[in-house]
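The values are calculated or read from the model by the stated rules, or taken from the named source; none is laboratory data. Given the structure is predicted, the values throughout are model-derived calculations rather than measurements. FYI the Cβ positions are ideal-geometry reconstructions off the backbone, even for glycines, and counts take in every protein chain you see. Quick note on the areas: whole protein, heavy atoms, side chains included, nothing else; ligands and nucleic acids left out. Shrake-Rupley method; radii C 1.70, N 1.55, O 1.52, S 1.80 Å.
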Amino acid sequence: MSAMLIRPSSGDVLMPHRKPHLPTKICPVCQRPFAWRKKWARDWENVVYCSARCRREKVSGE
């Protein structure tokens, strides 16, 4: 019997380890959750958008 690689429904590549303890936030533009990343370590309190694309597409009133 051959082994099948099962991928998560979100399209992410299946990683050999999980990091369930990382904090998450919801992006106000795309409404998707995004997790803490090492490059945001010093500035996590001020991170609002999940990506540069969402930052560019934000509502001008914010």
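Descriptive notes on the structure:
- Rounded to the nearest 10 square angstrom, LYS58 shows an accessible area of 90 square angstrom against a 1.4 Å probe.
- Sites ARG55 and LYS19 - FRET efficiency at Förster radius 35 Å, r taken between beta-carbons, to 0.05: 0.90
- A full extension of the chain between ILE26 and LYS39 corresponds to an added length of 2.9 nm, given 0.36 nm per residue minus the alpha carbon distance.
- Cross-link partners for LYS19 among the lysines, with Cα-Cα distance under 26 Å and sequence neighbours closer than 8 places in the same chain left out: LYS38, LYS39.
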